[in-house]
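Below: the structure, in structure tokens.
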Amino acid sequence: MYLTAIQAPQEDEIDALRMGLTDYNVSQAGCYLRERIASVIKDEQGKIHGGIIADIRWGWLHVDWLWVDESIRQRGWGRRLLGAMEQYAQSKGITRYHLETTTFQALPFYQALGYQVFGQLPDMPPGHLCYFLNKQL
């Protein structure tokens, strides 16, 4: 056995690690719904102006990315994206959500929608705070 040099991972390596970790997790925590989901904002020409990507795993919805182009911000699109994702999760029996944001992103937006800070990571990115938020119905 040997340790490889640090480099970008190959697809077969990612798959092997994912399968190994998934098998271990299932052996310890049981089998839960796992799903990667997304919704995007498109104009009539199909150009993307925003969207949300999330994962459902272990009974939680985790929002990975939520972005709305500046040209259409303050028009309710972010609220609609997050609301649609939460409704989808609820249709699967998921009523707990979590996400991360930073000082220069959308902390007040998430708090206005009922998310609460449960942790912080300083200097992530340097000079800013990363906030960990959750919401439970």
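Descriptive notes on the structure:
- Long-range amide H partners of Cys130 with built H, under 5 Å: Leu121, Asp123, Met124
- Centroid-to-centroid separation of the stretch 23-62 and the stretch 64-107 [C-alpha atoms, Å]: 12 Å
- Net charge of neighbours whose Cβ lies under 12 Å from the Cβ of Leu129, counting Lys and Arg as +1 and Asp and Glu as -1: -2
- Here the 3J(HN,Hα) profile of the stretch 51-68, calculated from phi with Karplus coefficients 6.51, -1.76 and 1.60 at θ = phi - 60°, is x, 9, 10, 8, 10, 9, 7, 6, x, 10, 9, 10, 7, 7, 9, 9, 9, 10 Hz, Gly and Pro shown as x.
- Annotation: extensible slack from Met1 through Lys92 equals 28.5 nm (criterion: 0.36 nm per residue apart, minus Cα-Cα distance).
- The chain, relative contact order in percent, only Cα pairs under 8 angstrom and at least six apart counted: 16 percent
- Counted charge near Arg79, where neighbours are those whose Cβ lies closer than 12 Å (Asp, Glu -1; Lys, Arg +1): +2
- Relative to the dominant Cα principal axis of the chain, helix 11-29 is inclined by about 90°.
- Given their separation in residues at 0.36 nm each and the Cα-Cα distance between them, Asp12 and Ile72 gain 17.6 nm when the chain is fully extended.
- Amide N of the stretch 55-78 lying under 20 Å from the label point, which is placed 7 angstrom from the Cα of Val26 along Cα→Cβ: 55-60
- Compared with the dominant Cα axis of the chain, that is its longest principal axis, helix 77-91 is turned about 50°.
Throughout, read-outs are computed from the coordinates displayed, never taken from laboratory work. Being a predicted model, the structure only gives us computed values, none of them experimental. Cβ sites come from the backbone with ideal geometry, for glycine too, and all protein chains shown count toward neighbours.
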